[in-house]
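Each remark here refers to the structure printed beneath this line.
The values are calculated or read from the model by the stated rules, or taken from the named source; none is laboratory data. The shown structure was predicted, so the numbers you read here are calculated from the model rather than taken from an experiment. Here the Cβ is made from the backbone with ideal geometry for all residues, glycine too, and neighbour counts use every protein chain on show.
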Amino acid sequence: MADLQQSEARVLAGLEAKLNRICSRDEIAQSLWGNNWTEKYSDWMIDTLIYRLRHKLAAGYEIKTLRNQGYVLQKKGYIFVRTEPTIINN
């Protein structure tokens, strides 16, 4: 993997902690900016860092975007199954 900037490493660590699970943009922001993330939040910065990480990732991994939910770091070829809550009407 190519050398990572500090901010890229923080985002990657957050994604790795939730390997094969959804990592929301808010969770990524928390890993980047800590307790002050709501004041420093930037969609542009998150998008830019995800873009850069996608180009630097080891060959066997990829970052998938899940619209309106976040991102998933997974091994290439892994099939992510999104589970929806079951609603039972009585």
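Scan region 28-56 and report the pairs whose first residue is farther than 17 Å from Ala9 by Cβ and of a type in the set (D, E, K, R) and whose second residue is at pLDDT 90 or above and surrounded by 11 or more Cβ atoms within 10 Å (Cβ to Cβ), with Cβ atoms within less than 7 Å and a gap of 6+ or a chain change.
Lys40/Trp33
Being among the small types (Gly, Ala, Ser) and at pLDDT 95 or above is the requirement here; does Ser31 meet it?
Numbers: among the small types (Gly, Ala, Ser): yes; at pLDDT 95 or above: no.
No; evaluated as a whole, the condition is false for this residue.
Mind telling me which of the residues Asp3, Asp26, Asp47 ends up being in a loop (DSSP other than H, G, I, E, B) and of a type in the set (Asp, Glu)? First the steps, then the outcome.
Numbers: Asp26 fails: in a loop (DSSP other than H, G, I, E, B); Asp47 fails: in a loop (DSSP other than H, G, I, E, B).
Going through Asp3, Asp26, Asp47 in turn, just one is in a loop (DSSP other than H, G, I, E, B) and of a type in the set (Asp, Glu): Asp3.
Which one of these does Asn36 not meet: (1) more than 26 Å from Gly77 (Cα to Cα); (2) not in a helix (DSSP H, G or I)?
Of (1) more than 26 Å from Gly77 (Cα to Cα); (2) not in a helix (DSSP H, G or I), only one is false for Asn36: (2).
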